[in-house]
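Heads up: the structure comes next, in structure tokens.
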Amino acid sequence: MNLKLDTLEGSGDDELLAVKTRCEELLAQHDRERKDKALEQARAILAGAGLNLKDVASGKPQKNGNGKGPTYHGGRQYQHPTNKALIWNAKGQKPTWLRELEATGGKAIELP
């Protein structure tokens, strides 16, 4: 640190206020630079995981590119991929088994 306290002690009020103002400007600049660097690193980490800052801000990672789960169409039937007894006709709310399946990244099979 090149700053000498003796120099400051001999300074007038106007000079000290100018030093204080410049110090606050430098601190704000350093803070912005730290935040910019942190955001850049966060974006790189999230991109590696297939996410973006909006995913983190919402608290809900997107399952596919459009932010929605699999699309199911009314009037069709969907079956659990391993438990063939579980069938949903795509009317009303999704059954628990389907919500649990989607939470693990799975998708129901559409029946012909």
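The values are calculated or read from the model by the stated rules, or taken from the named source; none is laboratory data. Since the model is a prediction, treat every value here as computed from it, not as a measurement. Glycine also receives a Cβ, built like all others from the backbone with ideal geometry; neighbour counts cover every protein chain displayed. Remember, those area values only see protein heavy atoms, side chains included, never the ligands or the DNA or RNA. Shrake-Rupley method; radii C 1.70, N 1.55, O 1.52, S 1.80 Å.
What are the ³J(HN,Hα) couplings of the range 7-12, residue after residue, when phi is run through the Karplus curve with 6.51, -1.76, 1.60 and θ = phi - 60°? Round to Hz, x for glycine and proline.
So the Karplus estimates, Gly and Pro as x, are 5, 5, 4, x, 8, x Hz.
In Å², and per residue, what accessible area does the chain have when probed at 1.4 Å with the other protein chains present?
With the other protein chains kept in place, the chain gives 81 Å² per residue.
Return the FRET efficiency for the residue pair residue 44, residue 13: r is the Cβ-Cβ distance, R0 is 35 Å, and the value is rounded to the nearest 0.05.
Efficiency at R0 = 35 Å is approximately 0.15.
Can you work out D for the chain in µm² s⁻¹ from Stokes-Einstein, where Rh is the Kirkwood radius over C-alpha pairs, the temperature is 20 °C and the viscosity is 1.002 mPa s?
D = 110 µm²/s.
Output the 0 to 90 degree angle, nearest 10, between the alpha-carbon long axis of helix 13-48 and the longest principal axis computed from the alpha carbons of the chain.
Its long axis makes an angle of about 20 degrees.
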